[in-house]
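The values are calculated or read from the model by the stated rules, or taken from the named source; none is laboratory data. This is a predicted model, so every value here is computed, not measured. For neighbour counting, all protein chains shown are included, and Cβ atoms are generated from backbone atoms with ideal geometry for every residue, glycine included. Keep in mind that these areas ignore ligands, DNA and RNA; they rest on the heavy atoms of the full protein, side chains included. Shrake-Rupley method; radii C 1.70, N 1.55, O 1.52, S 1.80 Å.
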Amino acid sequence: MSESNANNPIRKVLGLGYWVQGFRCFPWMAVNFFLKDGLNVDPSTLQLLQNSANLPMVAKPLYGILSDAVYISGQHRIPYIAIGALLQAVSWIPIATMSPSSISVFTISIYLLLSNLGASIAEVANDAIVAEAGKQPTSSKNSRASSSGELQAFVWVASSAGGILGNLLGGIGIDRFSPQEMFLFFGLLLLLQFLLTIIVRERSLNLPQSSTSAGIKKQLSQLFVVLKRPEIVYSITWFAASYSIIPALTGTMFFYQTEHLKIESSVLGISKVIGQAALLLWGVIYNRHLKSIPSRKLISSIQVLMAVFMISDMLFVKGVYREMGVPDFVYVVLFSGLSEVLLFFKILPFSVLIAQLCPPGCEGSLMAFVMSAIALAFIVSGCLGVALASYVGVTANEFSGLPNGLIIQAVCTVLPLSCSWCIPDDVKAKGRDKDSKKQQ
């Protein structure tokens with residue numbers, strides 16, 4: 001009973017934080033249409049803007065080190081969540097209140113960068129709380145690992161639930177409200193999160209207290225020591241490479257569906273809802289049935305499934321399903337959203353593995369480093385996607401080369417499987433972690 005009561009404040013803070021994190025797809029759907037229809041950007045520019053806005057995510061290790069080492073009013077997690085929410089609010093609200101004629105691609109890019117800066121700071125603090133809570137001592141080491149996995153699954157479900165509602169409302173709202181009205185709504189929601197967060201005292205979360213108050217320099221040194229562990233550095237390197245090597249074609253597919261196929265925004269919203277629902281279901285299934293499967297095997301299987309869906313997208317673009325009697329909008333609803341979120345399936349088992357490997361006192365900086373490596377990989381993937389689209393001759397009005405691009409994308413997806421040995425088995429990872437603790 002006492003353990004359940006202790007977990008309630010954590011779940012409230014994390015539930016809200018990760019739900020808002022998932023709900024960010026609501027304004028970003030409006031951003032896509034605003035850039036395409038309001039500012040008349042082409043597919044390559046849209047994709048470059050989408051990926052360049054993620055640059056603040058690359059600096060996540062810095063935010064992690066700050067949250068680990070720098071306390072604000074005796075707290076080192078809650079204040080950073082509040083700061084992140086406030087930064088996001090002061091980026092979306094100005095975009096919403098500016099005159100449309102005064103908004104340029106450069107202006108909106110700056111505000112999107114500020115928004116993602118706030119989001120990355122909040123995400124780092126939330127991820128650190130999850131990692132720290134997994135370090136709480138329990139009656140057995142197995143139960144501790146189980147508790148960590150359950151909390152990971154809980155926040156995964158919270159984020160997915162936010163994504164489901166965000167995509168559903170976004171798909172419906174884009175036809176009924178202007179993008180700026182949607183930006184204003186999300187900005188006000190962030191202000192509400194800020195107000196609810198600042199009234200929480202971190203001691204109510206019962207997080208483990210650090211035995212030392214390490215400075216930034218010492219915390220950075222500790223991170224470097226942790227990253228020298230082969231099981232950690234090899235895993236992170238492979239995981240980031242498994243994303244960066246895949247040329248993303250999200251901007252191209254968005255234009256293909258909306259401009260060439262004339263798919264309505266509500267259909268795209270429903271498609272993304274199905275994708276987010278799949279993420280939510282994945283969190284539940286993983287927590288109940290898949291935690292015992294070695295991470296290497298599970299992640300590799302997801303990588304193969306991603307390639308299969310890319311081949312399916314190629315058949316869709318070539319009109320194979322249409323000839324079989326399946327309307328384009330049916331495929332978009334049932335498979336396009338799922339195809340977009342499949343690459344995120346790997347993050348849950350991988351984050352659980354890293355949380356098990358992470359030593360006490362370095363949770364924020366290590367988890368932040370992992371997320372920044374993934375963010376950088378997405379940026380590289382997006383740039384490769386722009387290059388691939390140019391190579392196969394895809395433009396805003398010409399999509400004949402898109403099937404070839406999707407085939408190349410699928411081939412690049414299976415290439416990392418040849419080095420999947422970089423991910424340790426969970427049992428071995430735990431054993432190494434215990435040996436390291438004994439040496440300390």
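Which number in (1) modelled with pLDDT of 85 or more; (2) within 30 Å of residue 259 (Cβ to Cβ) marks the one condition that residue 395 misses?
Residue 395 satisfies all of (1) modelled with pLDDT of 85 or more; (2) within 30 Å of residue 259 (Cβ to Cβ) except (1).
Quick one: residue 185 ticks every box in (1) part of a helix (DSSP H, G or I); (2) more than 25 Å from the chain's Cα centre (by Cα); (3) surrounded by fewer than 19 Cβ atoms within 10 Å (Cβ to Cβ) bar one, so which box is it?
All conditions are met except number (2).
Within segment 352-361, does at least one residue satisfy the condition of being in contact (Cβ under 8 Å) with a residue 60 or more places away in the chain and of a type in the set (Val, Ile, Thr)?
Applying the first criterion (in contact (Cβ under 8 Å) with a residue 60 or more places away in the chain) to segment 352-361 yields 352-361.
This time we only want the ones that are of a type in the set (Val, Ile, Thr), so: 352, 354.
Yes, some residue in segment 352-361 is in contact (Cβ under 8 Å) with a residue 60 or more places away in the chain and of a type in the set (Val, Ile, Thr).
Under 8 Å by Cβ, and 6 or more places apart or on different chains, what pairs join a residue from segment 301-320 that is under 19 Å from residue 417 (Cβ atoms) with one that is of a type in the set (D, E, K, R)?
302/346; 303/346
Can you name every one of the helices (runs of 4 or more DSSP H) wholly within segment 259-341 that holds 3 or more residues which are closer than 17 Å to residue 160 by Cα and at pLDDT 85 or above?
265-285
Any residue at all in segment 221-242 that is open to solvent by less than 20 Å² (accessible area, probe 1.4 Å), modelled with pLDDT under 85 and assigned to a helix (DSSP H, G or I)?
Yes, the conditions are met somewhere in segment 221-242.
From the list 322, 296, 288, which one is open to solvent by 60 Å² or more (accessible area, probe 1.4 Å) and touching a Cys at 6+ places or on another chain (Cβ under 9 Å)? Steps first, please.
On the way: 322 fails: touching a Cys at 6+ places or on another chain (Cβ under 9 Å); 288 fails: touching a Cys at 6+ places or on another chain (Cβ under 9 Å).
On inspection, the qualifying residue turns out to be 296.
Pick from 394, 386, 352: which is aliphatic (A, V, I, L, M), crowded, with 19+ Cβ neighbours inside 10 Å and not in a helix (DSSP H, G or I)? Reasoning before the result, please.
On the way: 386 fails: not in a helix (DSSP H, G or I); 352 fails: not in a helix (DSSP H, G or I).
Exactly one of 394, 386, 352 is aliphatic (A, V, I, L, M), crowded, with 19+ Cβ neighbours inside 10 Å and not in a helix (DSSP H, G or I), namely 394.
Among the residues of segment 23-35, are any assigned to a loop (DSSP other than H, G, I, E, B) and either buried (at least 24 other Cβ atoms within 10 Å of the Cβ) or modelled with pLDDT of 85 or more (or both)? Spell out how you get there, then give the answer.
So in segment 23-35, the residues assigned to a loop (DSSP other than H, G, I, E, B) come out as 24.
Cutting the leftovers down to either buried (at least 24 other Cβ atoms within 10 Å of the Cβ) or modelled with pLDDT of 85 or more (or both) gives us 24.
Yes, some residue in segment 23-35 is assigned to a loop (DSSP other than H, G, I, E, B) and either buried (at least 24 other Cβ atoms within 10 Å of the Cβ) or modelled with pLDDT of 85 or more (or both).
All but one of (1) surrounded by 21 or more Cβ atoms within 10 Å (Cβ to Cβ); (2) over 19 Å from the mean Cα position of the chain (by Cα) hold for residue 87, so report the exception by its number.
The single condition residue 87 does not satisfy is (2).
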